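Encoded as structure tokens, the structure appears first; notes follow it.
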Amino acid sequence: MTELTNKSALELAAGLKSGEFSSVEVTQSHLDRISATDDDFNSFITVTDELALETAKAVDAKRSAGEDLHALAGVPVALKDLVVTEGVATTAGSKMLENWVPPYESTVHNKVKAAGLPVLGKTNLDEFAMGSTTEHSAFGNTRNPWNLEHVPGGSSGGAAAALAGFQAPLSVGTDTGGSVRQPAAFTGTVGVKPTYGSISRFGIIAMASSLDQVGPMGRNVADAAALHELLAGHDPLDSTSLPDEVGGFLKAAQTSDLKGKKLGVIKQLAGEGYQDGVRTAFTAALETAAAAGAEIVEVDCPSISYALDAYYLIMPSEVSSNLARYDGMRYGLRVEPESGPVTAETVMSATRAAGFGDEVKRRIILGTYALSAGYYDAYYGSAQKIRTLVQNDFAKAFAACDVLVSPTTPTTALKFGAEKAADPMALYLGDVATIPANLAGIPGLSLPAGLADGLPVGFQILAPAREDIKLYEVAGPLEAALESAGGRVLDTLAEGLNAK
Ligand code: GLN
């Protein structure tokens, strides 16, 4: 692994600024690393090498001309292939959009372009972001750089593997029920799900609109904070975009202290059904936080026990409505029936049969059922009531502490083909700790808290809505305390990859 791909995003930014190396060199070294490793990891669906080098060249030229540049200008980034990129294929991990080249631009990509970050490519994901392993991609499994026999998590599995595999210093993912935090946990990286509405969803292919949120990912808290600042902010093109001015995340991550911070351990998410090694690492991290001056309290959020059930009604309901647009008429795949008349209905049916994978079909059917007359009140209506209860529980809990904490996931990364990875119900249960934040619209962050049986464990921090800065006020100093106690989790992997 070359030295440049080992560096963090902020180290790269500093070296670019001081002239130690150029963006073309940095970008090329990441592209080389992708071509050397992506047969193993399959993090990328599309690598955009020419575009990336073009951006890098332009940034280098501007820098030599003395122009004012964004702090991250010239630092490469990878985008989950759910982020629309004008002129560059955007697949959502689905056969349905395999050959779709968007005629418009997402706000996220616009911001990345305006700041001058070379885009290395589009990363692999579960089809339309539905899944927890990246096994539901139409473009093959992504493998976990820690151990190729294990899943990288999902749905932003490619985004996380690109970071852990040192293919990209920064990644953009999306999180509807944990899809940024869970793959971050499985790969020993940092993933953030911001407050709902704080990063524009314009040009993010919709899964479940009331839950979807773009999430910055990095190999450490400060990198994720810097990317978060770049992506956040009001967007008139997104009707759910918040008007808030956001910022100060990086500074909070770098200068905060754990002294006097109250961390509330969510009783419902602290133990039962969790892998022993996960519980041990989580408890040890709490002890480290306490030793650094944090106060640990226990909080009760009883409605969280129903959050998973509510999510698996609300999410598929929104999925069934959002995915109705893939009808074989407007864009994407179009398949005509093999026999019989060619009508709107037969084309729609043949297109969807061929274009959607099993998991997507399962959720569309579930959602259509939950919304149908006669069942609406019993299923969708009740789920919405639980959503309100979860929000109320969080509000009460935040009155008693600064942030809430839990393990990010009940287990470490599953093995491909393991009993659990093959059982959709068991996989749904793996989302138990991440989903409540999406239902409540609050921000969450996962950072690595050591290893269990050689695989990373994620530590989740949750903050009140619109107070994302609190995530960084705790995550920054906690990361520092954990690293001085037990070393950097990703260093273990870097050593292993170097030895190869
Ligand atoms: N794993 C969850 C699901 O399958 C979350 C997906 C996501 O956040 N996009 O729905």
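The values are calculated or read from the model by the stated rules, or taken from the named source; none is laboratory data. If you're wondering where the values come from, they're calculated on a predicted model, not measured in any experiment. Don't worry about glycine lacking a Cβ; one is built from the backbone with ideal geometry, like all the others, and counts go over all protein chains shown. Surface accessibility is based on the protein's heavy atoms, side chains included, excluding ligands, DNA and RNA. Shrake-Rupley method; radii C 1.70, N 1.55, O 1.52, S 1.80 Å.
Summary table
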| item | result |
| --- | --- |
| Given (1) at negative phi; (2) away from the ligand (no atom under 16 Å from the Cβ), number of the condition Ser179 does not satisfy | (2) |
| Residue within segment 478-490 that is away from the ligand (no atom under 16 Å from the Cβ), among the hydroxyl-bearing types (Ser, Thr, Tyr) and part of a helix (DSSP H, G or I) present | yes |
| Test: residue in segment 65-74 that is out of contact with any Lys or Arg (no Cβ under 8 Å at 6 or more places or on another chain), open to solvent by less than 20 Å² (accessible area, probe 1.4 Å), hydrophobic (A, V, I, L, M, F, W, C) and within 16 Å of the ligand (Cβ to nearest atom) | no |
| Every residue from segment 189-223 that is polar (S, T, N, Q) and either open to solvent by 10 Å² or more (accessible area, probe 1.4 Å) or closer than 20 Å to Ala465 by Cα (or both) | Thr195, Ser198, Ser200, Ser209, Ser210, Gln213, Asn220 |
| Condition met for Ala206 (part of a helix (DSSP H, G or I), in contact (Cβ under 8 Å) with a residue 40 or more places away in the chain and farther than 24 Å from Ala452 by Cβ) | no |
| Cross-chain or 6+ apart pairs with Cβ under 6 Å, segment 320-336 first and closer than 12 Å to Ala350 by Cβ, then among the small types (Gly, Ala, Ser) and part of a helix (DSSP H, G or I) | Leu333/Gly355; Val335/Ala350; Val335/Ala354 |
| Candidate set from segment 438-472 (those that are within 13 Å of the ligand (Cβ to nearest atom) and over 18 Å from Gly277 (Cα atoms)); member that is surrounded by the most Cβ atoms within 10 Å (Cβ to Cβ) | Gly444 |
| Residue within segment 351-364 that is more than 25 Å from the chain's Cα centre (by Cα) and of a type in the set (Asp, Glu) present | no |
| Count - residues of segment 117-136 that are more than 8 Å from the ligand (Cβ to nearest atom), touching a residue at least 60 places away in the same chain (Cβ under 8 Å) and among the hydroxyl-bearing types (Ser, Thr, Tyr) | 2 |
| Criterion: open to solvent by less than 10 Å² (accessible area, probe 1.4 Å) and closer than 27 Å to Ile442 by Cα - qualifying residue of Gly121, Gly131, Gly154, Gly165 | Gly154 |
| Residues within segment 38-97 that are hydrophobic (A, V, I, L, M, F, W, C), part of a loop (DSSP other than H, G, I, E, B) and farther than 17 Å from Pro118 by Cα, tallied | 3 |
| Restricting segment 269-321 to residues that are under 26 Å from Ala426 (Cβ atoms) and polar (S, T, N, Q), the residue that is most open to solvent (accessible area, probe 1.4 Å) | Thr280 |
| Which listed residue, of Ala78, Ala58, is open to solvent by 40 Å² or more (accessible area, probe 1.4 Å) and at pLDDT 95 or above | Ala58 |
| Some residue of segment 154-163 being within 9 Å of the ligand (Cβ to nearest atom), under 12 Å from the mean Cα position of the chain (by Cα) and without any contact (Cβ under 8 Å) to a residue 60 or more places away in the chain | yes |
| Among residues of segment 491-500, those that are in contact (Cβ under 8 Å) with a residue 24 or more places away in the chain and not in a helix (DSSP H, G or I), counted | 0 |
| Count - residues of segment 168-203 that are closer than 16 Å to Leu447 by Cα and part of a loop (DSSP other than H, G, I, E, B) | 7 |
| Ala226 being among the small types (Gly, Ala, Ser) and either over 13 Å from Leu478 (Cα atoms) or open to solvent by less than 10 Å² (accessible area, probe 1.4 Å) (or both) | yes |
| Identity of the residue in segment 205-235, small (Gly, Ala, Ser) and within 16 Å of the ligand (Cβ to nearest atom), that ends up nearest to the chain's Cα centre (by Cα) | Gly215 |
| Some residue of segment 414-437 being open to solvent by less than 10 Å² (accessible area, probe 1.4 Å), away from the ligand (no atom under 16 Å from the Cβ), among the hydrophobic types (A, V, I, L, M, F, W, C) and under 19 Å from the mean Cα position of the chain (by Cα) | no |
| Residue satisfying condition, being in contact with a Ser or Thr (Cβ under 7 Å, 6 or more places away or on another chain) and at pLDDT 95 or above, within set Ala437, Ala481, Ala395, Ala475 | Ala481 |
